[in-house]
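Notes for the one structure printed next.
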Amino acid sequence: YYPEQGNGTCYGCHAVSPDGRKMSLSRSGQRDGRLTIIDVAGDAILVQDEDAKREQCQTWDPTSSKFAGVWSDDPQPDTNIRSRDGQTGAVLENIALGIEPSHPDWSPAGDRSLFTHVTVHNTSQRPGRGGLSYVQNDGAAWSAPQTLIAPEDGFNRYYPAFL
């Protein structure tokens, strides 16, 4: 998509907005993950390759106006989920979890976000060991993380999804 605009590297993790009009993507894979936002309906690139905007795994909210993402490819894991504007990629909200998240998924109702609770750090795309947790929004704030499936030796649970 838009190869003439590219820098010769691949797009990897991506998410399509529920209305199908926008797509967020990470560029150049692990240890990079520069954010790109495409207006699919308008056939335009809204954000591309900004060093300060990195997210490996993303999920859009039900209104298709914003998305949440994680970035944890540095040696020190990031313990936040960031909500970003769907047009500019600007951070709207930082959800501080106190634990390393990966692979978030926003609920269709918009009141919860599932994620992998990483307990063996590697990169966002390849957590070494994980369980499944979620945070809930009561309309005013996000809750502390709640465990759905605890991390367990010999298992790596990741990429949860609302059905």
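The values are calculated or read from the model by the stated rules, or taken from the named source; none is laboratory data. Small disclaimer: the values here were computed from a predicted structure and weren't measured. Here Cβ is always computed from backbone atoms with ideal geometry, including for glycine, and neighbour counts include all displayed protein chains. Calculation scope for accessible area: heavy atoms of the full protein, side chains included, ligands and nucleic acids excluded. Shrake-Rupley method; radii C 1.70, N 1.55, O 1.52, S 1.80 Å.
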I'd like to check something: does the range 151-158 contain any residue that is open to solvent by 40 Å² or more (accessible area, probe 1.4 Å) and among the hydrophobic types (A, V, I, L, M, F, W, C)?
yes
Criterion (at pLDDT below 75 and either of a type in the set (A, V, I, L, M) or under 15 Å from the mean Cα position of the chain (by Cα) (or both)) met by exactly one of Gly6, Gly69, Gly29
Gly29
Sole exception among (1) on the phi < 0 side of the Ramachandran plot; (2) crowded, with 21+ Cβ neighbours inside 10 Å; (3) small (Gly, Ala, Ser); (4) in a loop (DSSP other than H, G, I, E, B) for Gly130, by number:
(4)
In the range 72-96, which residues are within 16 Å of Tyr158 (Cβ to Cβ) and over 14 Å from the mean Cα position of the chain (by Cα)?
Pro77
Ser102 being within 22 Å of Arg34 (Cβ to Cβ), surrounded by 14 or more Cβ atoms within 10 Å (Cβ to Cβ) and touching a Cys at 6+ places or on another chain (Cβ under 8 Å)
yes
In the range 65-99, how many residues are within 23 Å of Gly20 (Cα to Cα), open to solvent by 40 Å² or more (accessible area, probe 1.4 Å) and among the hydroxyl-bearing types (Ser, Thr, Tyr)?
2
Restricting to the range 76-112, what's the tally of residues that are part of a strand (DSSP E or B) and not charged (D, E, K, R)?
13
